[in-house]
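Read through the structure below, which is laid out as structure tokens, and then see the notes.
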Amino acid sequence: MNLIKLEDWSASDIIETVDTAISIKGTPADYADAMDHHTLTLLFQKTSTRTRCAGEIGMMRLGGNSSYLDWRSTNFALADLQDEMQVLSSYTDLILVRFLLHNELIEAVGGATVPVINGCCDRYHPTQAIGDLMTIKERFGRLSGIKLTYVGVHNNVCNSLISAGIKTGMQITIVTPELNQAAKDPDLLSKAIQAGTCIISDQLQDAVQNSDIIYTDTWIDMEYFLDPSYEEMKKKRIAQFLPYQINKNLLKDQDVLVMHCLPAHHGYEISTEMIKDPRSIVFEQAANRMPSMQAIILKLIQTVS
Ligand code: CP
Ligand code: NVA
């Protein structure tokens, strides 16, 4: 069993993992030896703070160990991808990868003989979604019927929230005037619309008024943020999306919680004061990446032992 996208897991797999994450957070000592003598290898093409640390430190706190590979310092780029994944599988119990391209991730998974966790590609971010579900369940005591509005660019994080809606009965409204082409997944969107768990809206204020949670993410994926060839696109996105910024004016008198997967770009998709607002749970959400990653690791290791 792998975790490539949330759609691959059953609703009960997801709920059980969310509940394990809450349990790990509450009684970490009960899990201190759960991954004794096990290794997680991380293979990353993109930068990361949360996903990497959740994997590395999370594994250590389960009594296991980890090995971090920056793609550029390996022979992956020189060799056959599936050969390298097969070799890596012979050294480790699980592999957490961050590939730029979803299709390359799928090819890599074909070479692995141990469970692979997608730590974010250009189409999905399932470990983020499981951490988000944990945070929402802790706050509301349930997932079904919770109304979450995602505002910004339709991207990998947005897709995984849409999947989370299908699996848990959470109501996802997307106010996303632009789609990252790499994140295009018409089957997922139509499945969610048919299931009644996703609504597409162009009415930001109405959507906000009808929400328990407002969620946003960067307008530009991390790998492009400092890329000079992306400068024109960046300017266009900023002009197009500034009216969609999550700020105190938009959320004036609104009883909502604010989420962001981080890293945030202050003054763009979210204002600094909104990140620090009492309604913001972004740091709680980020902290939950660790127990939720630990729960994912435990779930997957059970499928091989
Ligand atoms: N939210 C998230 O995945 O953050 P990192 O890129 O820092 O891992
Ligand atoms: N959507 C952004 C942030 C994910 C944490 C990206 O893929 O770079």
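The values are calculated or read from the model by the stated rules, or taken from the named source; none is laboratory data. These numbers come from a predicted model, not from an experiment. Please note: Cβ atoms are built from the backbone with ideal geometry, for glycine as well, and neighbour counts cover all protein chains shown. Calculation scope for accessible area: heavy atoms of the full protein, side chains included, ligands and nucleic acids excluded. Shrake-Rupley method; radii C 1.70, N 1.55, O 1.52, S 1.80 Å.
Laid out as a table, the results:
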| quantity | calculated |
| --- | --- |
| Value of relative contact order over the chain, rounded to a whole percent, pairs C-alpha under 8 Å and six or more apart | 21 |
| Hits among lysines - C-alpha to C-alpha of Lys137 under 17 Å, sequence gap 8 or more where chains match | Lys25, Lys147, Lys167 |
| Size of electric dipole in region 75-145: Cβ of Lys, Arg +1 and of Asp, Glu -1, about Cα centre, debye, nearest 20 | 540 |
| Burial ranking of peptide ranges 135-141, 178-184 (average Cβ count within 10 Å, highest at the top) | 135-141, 178-184 |
| Charged-residue dipole, Cβ positions (Lys, Arg, Asp, Glu), region 1-130 about Cα centre, Debye nearest 20 | 520 |
| Listed residues Tyr124, Tyr224, Tyr268, most fluctuating in the chain (Gaussian network, C-alpha, under 10 Å) | Tyr224 |
| Within the accessible area of region 78-135 (1.4 Å probe), percent carbon and sulfur | 48 |
| Heavy-atom accessible surface of region 184-305: percent carbon and sulfur, 1.4 Å | 53 |
| Euclidean distance of C-alpha centroids, region 144-178 and region 91-132, integer Å | 21 |
| Accessible area in square angstrom per residue, the chain, 1.4 angstrom probe | 42 |
| Only Lys, Arg (+1) and Asp, Glu (-1) charged, at Cβ; region 181-238 dipole about Cα centre in debye | 120 |
| Reach of Lys235 by Cα under 30 Å, taken over lysines that are not fewer than 8 positions away in the same chain | Lys46, Lys184, Lys248, Lys252, Lys276 |
